[in-house]
Every structure is written in C-alpha cells, then in structure tokens.
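Below is one structure, written out as structure tokens; the observations come after it.
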Amino acid sequence: MKSTIKGLVWIIAVIGFGVGLYGMFLRFTTGDRLTDYGSYIPWGLWVAFYIYFIGLSAGSFLLSTLVYVARIEKLEKIGKLALFTAFGCLVAALLSIWMDLGHMARVGNVLLHMNLSSMMSWMGILYSSYFGIVIIELWFALRSDLVKTAKTGSGGSRTLARLLSFGSSDISAEARAADHAKLRVLGIIGIPLAIAFHGGVGALFGVIQARPHWNTPLMPITFLIGALASSGALLTAVVYIWGPDKSKEQLNDIMRFLGKIVLALVLFDFLLEISEFLIGLYSMVPAERLPLEAILHGHFWYVFWIVHLLIGVVIPVIILFARAVPKGRPDKPAGGLIAFACLLVAVTFIAVRFNIVIPAQINPEIPGLQYAFSGPGLKFTYLPTTMEWLVSTWVTSFGVLLFLIGEKLLPIVNPEHREAA
Amino acid sequence: MALIDVERHEIRERMMNDLQRALKKPINKRHWAMVIDQAKCVGCTACTTACVAENHLPPGVVYRPVVETEVGKYPNVRKTFLPRPCMQCDDPPCVKVCPAHATWKRPDGIVEINYNRCIGCRYCISACPYSARTFDKGFFYTDGTPEIMDYEKEPSFEYGREWPRRNRETSPIGNARKCTYCIHRVEKGILPACVTTCIGDATYFGDRNDPESLVAELLGSPRARKLREEEGTKPTTTYLV
Ligand code: SF4
Ligand code: SF4
C-alpha cells in the first residue's frame, strides 16, 4: 500500500515536472505577457503558491522543534523528516516568488539596496538566515547517519553520504550528544526566526493600508495558525507514507497524536476565519465587504465552499474526530484514514491562500477606474492562465522531487535510532 | 461659484513664468504641484492621450486616466470627471514598501522610480491607494502584426533619462511605472504634457513653495480637496471641486 502511494507520488511529480517545464519555457521566453495579473490586480497565483509553501515550511520547522527543543519523545523519529519537509517547501516557496518578479535577475537588490521599512526586504533577510539554519540543522541531524551510511551503505547513497559528511567520522555517544545539544540551540534560534518570517509574510499583507481586506493586525497571527495547521497536516501525511514504520503500534500512536494536533489547529484556524467573515460582512465599507462577498458567492465560490470548507475542513474534521480522538481501542489501525484526512487539509490549503491574495484586490480603489482606460492588466478580475498553472505545477513538482530524491539518498528516516536525547 | 479669477490667455503665460522662477531655485527649495479643476474638466481625455504619446506608454500602462462618474437617471444625467495622475504623495506608501529602494521621494516633491533598480515585485502597485502605478508587461501596440513598428521602440525620457524599448526584457519593461509630472519636460522649462493639451485649462502646474505662483494661489481655494486624504498619504495633486 505505502509503496504504491510512494510510486504514485513519484509518477505525479515526474509528470508535473515534465509538463510544467513547458510553463517554465514560456515564463523565460514570454516574460509576464501570458499571465493574467497586471496593474490593478498585481499579485496572482504565484504569490498564493509562495505563501502556501512558505507556510508549510515555517510550520514544519516549528513542528521539528517539538523534537529538537521540546524533546517530545513520541515524535522523536520524525524530526529529520520535518526538517527536510521544511527545506523542500522553502525551496518551492522561494522559486515561486522568484518566478513572480518582473526582473528575476535583480532579486539581489532586496539585500543589496535593503529598505528596512519594507516587509519584503525583511523577508530577504529572514529567509536567508532561515535557509542557513535549516541547512545547518539538517546537517547536524543527519551527521551521524551520514557517517554510518558512508561506511556501510551502498551505491549513490554512500557516495553522497561521504561527500556530505565533510570528513566528519565521530559517531561516539558523546559526539551524538554534542549534535543534539547543537540541534537544540539551532532550534531555539530557529523558533523566533520561523515565527518572525512567517508572521512577517502576514505583515507583508497586513501593512497594506490601501487594501482594507489585508490591513488587519491579526494577519500575522492568521498566517501562523494557517501555517501550523497546513504543515502539521502535510507532515502527518508524510510521516504515514515515509516515516518509520517498524512498529505498527508506534506508528499508530504517532498518527493519533499528530491527528489530534492537526484537528485542533484546523478548528482554531476555522474559528479565526469565522470571526473574519462575521466582522467583515457587518461592514458597509465596500473594500471590506466586496472581497468577502466575492469569496462566498462570486464567480469562484466553489474555491471556498467546496475546496476549502467541504474538502479542507468538514470532511477531515469528521475523519479526525472519528479516528484520532477516540480512546479505548488503541490498537485499531487508524493511520491510513488520519493520513488521508490530513492530506486533504494540506492540499486544499492552497484555496485558503488563494482567497487571501486575490479577493482583496478586486475592489477598485477609485470607483470606475476599470472603465477609464483599457489595456492588458487594467482590470479588476483575475483568472490564472494555463501558463501560470504550469509554472506553479513545475515549482510544486520540483519541491516534491527534491523531497523524494533526498528521502531516497539521504538517511532521513532511520527507525533504529532515537533522535531525541 | 468662487472660481479664482484668472483670464484664460494669462494662465499659460503665468505658469510658464512660474516655472522659470522655480527652476532658478535650488531643487530642494521648490515643490512641484498639480491642481486639477473638476468644474472645468470636460472629460475629453486629451490629457490621457497626450501622456501616452509623451511617455511612449505601451498597452496596459497608463499614467493619467480620466475616471467618469454618472449621477442621476436618464434623461437627467450628469457626469463628473476625475483625471487621476500620480498624487506625488508627501508620505508615499509606495516608497515605504519598496524592498529595493527603487522608488523615493525627491526634494522637489516628485516620487521617482529607478527602473534599472526595480525588481518588478509590484509591492508598490499593491500599496498605492490610487492605483496610480501600472505594470509594464512588455506589450507593443503592433503585437500580432507582421512587424513591431520602430516608433514603438523609441525611448521615453522619464526622469531625464532615455528608456528605449528595443526588446522585451530591459527596463522599463518588467517594472512598475507611474506619472512623473513630466519632470523631464518641466526641468527644461516646459509644462507637463497634460497641462499643455488640456482643452478646458483644467490642469494647473507649478511650484507650490512660491507664493506668487498660480498653483499656490489655487491651493488656497475653498474648493481645494485631496483624493482619499484619510489614507494619510498627504497627496500633492489637488482637486478643485
Ligand atoms: S499616488 Fe500612489 S504612486 Fe503616487 S506617490 Fe502616492 S502612493 Fe505613490
Ligand atoms: S515594483 Fe519596483 S518600485 Fe515597486 S516596490 Fe517592487 S521594486 Fe520597488
């Protein structure tokens, strides 16, 4: 069963990568001309994918600190998996936002000509630091296993392990304890960093006073809770498929534990959402109201009602209540369904991200502006084009393939060893 | 109506003289300002077109659209017109959000963009409460015809530099763009294109720091209003309503 799913994920990722390549070709040969975002709705699908992935990354990282900082024993085997997921998602997020720039080659200006009053400059600073932390942390988390694989492994894994162990060879208990101590310090530094940069992405939208739908102090919090809910869900699904499964009971236990966390987070996120809708719809201000009305009964009502609410909240919550919560029958295998529910949450979360980015921009800042002059991009409607979808498909597949290949070649999952001290 | 009493033939002469006086001052002593009289605007969009021609604006890029509002019910309808250039805000949110310092407030009040530094993130477009910034995606009017005409590749002279459109990659393509108050003309002593083409003499331009100037006088009118002042952006562009 699991190997079938793994195979399926490989196939989908490879096909996505191949098909998406055409989108990338178009992106590099036709620039922004085949996209539907423009002057009045300047941000589109790629920005939505960016906040989706960056949320998955921040959340996975924060969950990995449950292992390395909080040292929750139950989760000790999935620390590396969480870190590696954080890495894959970070790469996909950065690729997605890079594709969105009108001048991709100038991305360095964000650091070179930094403007500290711009949240986007802060993103540049925080992502670079976070990237560093994730890489270093991954290395320490993998070090002892890399050394072992370098000695005893075979084929590609062995060569790669030799290369990546950078000459380190000490796998004594003391050395491993030292690794854990370092991981803890890195994790502790990483926690405020991950909160800052993902809260910061929320702030990036939150500070835009011109778009009242974004302009709320709760934005960073909503982003963080969303990040934890979606990444917790992704991780739960990932753990089920790629995680250590030597002991069925243990896996079952982990799955239930994670399932409960995800359930709580999804519900809390939903609570925030309800509050946002109730307050927003009470308002008479068009810029507050219109985006919400568009979400609920605009052209793309199904993004909210079907993709997000039904598939992303109602169904998973029912499953999780039924499988993750009940006590009494601890040995009844529940992992598969919990993983399925979590997969639904994780995948459909892109709908939430989409509804954050797009509807806020559909309200003309000057009423009637859309009729004043016409031309490409001078409109307040947006529908991602095939090319935009293809690029996002490529970026997503790239992230997934990075994960799959890493998981194959690196000692990410090792059921034999405890990861927490 | 308390229209300020300026003889029609005097207006342009006076504004040209205002310009000359302002240009003699150091740059930080002058503050360019535009005043638009909505009561005089007839909605002909001559300014919009003149601006497109002056700045060689490609499809999808517009600096000064004229927004029409219809009031009343047919047959008793009236129209009001709102030409919308950049407000050259004194507290410009577009400048605050730019991650690359590619856009800034000049001492003479103009919000400038360095197209060569702009990364095309469009954060400023999101942040401008007037939708005054548009994104240059690299279209040509003669796209889809056998030949992209040479006149479309001619440079625009925004901010006193040359910005040709020889290909689809180099700036200003891929950048955020907006009204410059035709600063390249102004610094040569010529009024902005929209001002010179306005058939109703509804747009005034000059140095608001000079109490003798026409704009300074108009800014004191009880009819003077700023657009969406509650945003706290302190717009320079002022309307007479
Ligand atoms: S009107 Fe918009 S583009 Fe112009 S200065 Fe103000 S915020 Fe910036
Ligand atoms: S589009 Fe250019 S000018 Fe606007 S915020 Fe981005 S880098 Fe700055």
For this session: Evaluate the following for A:LEU126: is it within 14 Å of chain B (Cβ to nearest Cβ), under 26 Å from B:ASP136 (Cβ atoms) and hydrophobic (A, V, I, L, M, F, W, C)?
Result: no
For the range B:116-151 the number of residues that are of a type outside the set (Asp, Glu) and not in a loop (DSSP other than H, G, I, E, B) is 8
Worksheet item: Out of curiosity, is B:ASP18 touching a His at 6+ places or on another chain (Cβ under 8 Å) and more than 30 Å from A:ILE41 (Cα to Cα)?
Response: no
Quiz prompt | Any chance B:ASN167 is over 28 Å from B:MET15 (Cβ atoms), within 16 Å of ligand 2 (Cβ to nearest atom) and within 14 Å of chain A (Cβ to nearest Cβ) | solution = no
When every residue in the range B:152-180 that is part of a helix (DSSP H, G or I) and over 20 Å from B:ARG84 (Cβ atoms) is compared, the one nearest to ligand 1 (Cβ to nearest atom) is B:TYR159
Just one listed residue, out of A:SER129, A:SER231, is outside the structural domain of A:PHE61 (by TED's automatic domain parsing) and part of a helix (DSSP H, G or I), and it is A:SER231
Taking the condition in contact with a Gly (Cβ under 9 Å, 6 or more places away or on another chain), buried (at least 17 other Cβ atoms within 10 Å of the Cβ) and at negative phi, does B:ARG185 pass?
no
The residue from B:GLY144, B:GLY160, B:GLY174, B:GLY138 that alone is among the small types (Gly, Ala, Ser) and either within 10 Å of ligand 2 (Cβ to nearest atom) or touching a Ser or Thr at 6+ places or on another chain (Cβ under 8 Å) (or both) is B:GLY174
For the range B:99-114, the count of residues that are near ligand 2 (Cβ under 9 Å from one of its atoms), within 20 Å of the chain's Cα centre (by Cα) and buried (at least 24 other Cβ atoms within 10 Å of the Cβ) equals 3
Sole miss for A:TYR40 among (1) in a helix (DSSP H, G or I); (2) over 12 Å from A:VAL395 (Cβ atoms) is condition (1)
Filtering the range A:147-168 for residues that are within 30 Å of the chain's Cα centre (by Cα) and among the small types (Gly, Ala, Ser) leaves a count of 4
State whether one or more residues within the range A:24-35 are assigned to a helix (DSSP H, G or I), under 30 Å from B:ILE125 (Cα atoms) and more than 14 Å from every other protein chain (Cβ to nearest Cβ).
yes
Selection from the range B:76-115 of residues within 11 Å of chain A (Cβ to nearest Cβ), outside any loop (DSSP other than H, G, I, E, B) and more than 8 Å from ligand 1 (Cβ to nearest atom) yields B:LYS79, B:THR80, B:PHE81, B:LEU82, B:PRO83, B:LYS96, B:VAL97, B:TRP104
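The values are calculated or read from the model by the stated rules, or taken from the named source; none is laboratory data. If you're wondering where the values come from, they're calculated on a predicted model, not measured in any experiment. Ideal geometry is used to build each Cβ from the backbone, glycine not excepted, and the neighbour counts take in all protein chains shown.
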